[in-house]
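J.: The structure is given below, and queries will be raised subsequently.
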Ligand code: HEM
């Protein structure tokens, strides 16, 4: 089902504008750190914010194809790589906040934490799987890997699922936020299944 909505004019300035907007969360965190306004536990605020933005960008990246199919805006595809790389950017900041500000690069403790706490194990796995996607995001890699590129980039599905699981696992009482992410992810998956059944391509 395609709802025909006239494609907005994606002028040349739109992508740079989106780039600047995507940097806003990290800019606000940097300003908060400078102004000492990140609350009682600034490290926790930075960890949580960067983690949430990593997950949001993963879901935004996944929604590009869905939106393209539903409203027929073909130009949207030009933004997908940048959005995916922002997911990697925020996940990297998130990981480094944990490694540096939380654990002070104390590798024995970090390793023990990865083994001991399932939500850290799952987060780490999600991050490891993101690395090959970021590394192969260039046009050259796309050409070189051909069909394998598409197969490899399907890793975004387990990565986003692990991101949601990571959130569920770390929450202790209030599940409202991870439930919202789960609903969004399930809707994106459902649209894909529906689309591939319709086109008989899974
Ligand atoms: C793709 C990878 C990842 C995604 C999408 C992700 C996402 C998230 C999200 C959404 C939160 C919850 C934020 C909130 O409470 O509002 C979070 C928290 C957290 N994540 Fe991740 N994460 C990822 C990888 C990792 C990795 C690799 C580590 C460490 C090795 C990690 C460690 C943590 C920690 C320590 C917290 C805070 C837990 C707490 O406040 O109790 N995450 N992450």
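FYI, it's all coordinate maths here, none of it is from the lab. All of these numbers come straight from a predicted model, not from anything done at the bench. Note that each Cβ is placed from the backbone with ideal geometry, even for glycine, and that neighbours are counted across all protein chains shown.
J.: Compare the peptides 118-128, 40-50, 19-29, 102-112 by average per-residue count of other Cβ atoms within 10 angstrom and give them in order, highest first.
T.: For the peptides 118-128, 40-50, 19-29, 102-112, the packing ranking is 118-128, 40-50, 19-29, 102-112.
J.: Related question: Just need the relative contact order of the chain here, percent rounded to a whole number, with Cα pairs under 8 Å and 6+ apart. Don't skip to the end; give the middle numbers.
T.: Numbers: 153 pairs, mean separation 41.1, N = 202.
Dividing the mean separation by the residue count of the chain yields 20 percent.
J.: By its C-alpha gyration tensor, with a ≥ b ≥ c as the square roots of the eigenvalues, how is the chain shaped: rounded for a/c under 1.5, else prolate for a/b larger than b/c, else oblate?
T.: prolate
J.: Can I ask one more? Decide, for the range 103-153, between rounded, prolate and oblate: order the square roots of the alpha carbon gyration tensor eigenvalues as a ≥ b ≥ c, take rounded if a/c falls under 1.5, and otherwise choose prolate if a/b is larger than b/c, else oblate.
T.: On the way: a/c = 5.27, a/b = 2.74, b/c = 1.93.
Taking the square roots of the gyration eigenvalues as a ≥ b ≥ c, the range 103-153 is prolate.
J.: Measure out, as a whole number of angstrom, how far apart the alpha-carbon centroids of the range 126-153 and the range 171-202 sit.
T.: One Cα centre to the other: 23 Å.
J.: Compute the helix-to-body angle for 156-170: its Cα long axis versus the longest principal axis of the chain, expressed 0 to 90° and rounded to tens.
T.: 30
J.: Specify whether the C-alpha gyration tensor of the range 1-114 places it in the rounded, prolate or oblate class, a ≥ b ≥ c being the square roots of the eigenvalues: rounded for a/c under 1.5, otherwise prolate if a/b is larger than b/c and oblate if not. Don't skip to the answer; put the middle values down first.
T.: Numbers: a/c = 3.22, a/b = 2.05, b/c = 1.57.
Taking the square roots of the gyration eigenvalues as a ≥ b ≥ c, the range 1-114 is prolate.
J.: For helix 77-96, report the angle its Cα long axis makes with the longest principal axis of the Cα atoms of the chain; keep it between 0 and 90° and round to the nearest 10°.
T.: Helix 77-96 sits roughly 10 degrees off the main axis of the chain.
J.: Between residue 111 and residue 19, 0.36 nm times their residue separation minus their Cα-Cα distance comes to what?
T.: Net length gain for the segment: 29.7 nm.
J.: Quick check on the chain: helices-only [θ] at 222 nm, where DSSP H runs of length 4 and up contribute -39,500 (n - 2.57) each and the sum goes over total residues. Nearest 500, please.
T.: After summing the helix terms and dividing by residue count, I get -25500 deg cm²/dmol.
J.: Can you give me the angle between helix 176-199 and the longest principal axis of the chain, using Cα atoms only, in degrees from 0 to 90, rounded to the nearest 10?
T.: 30
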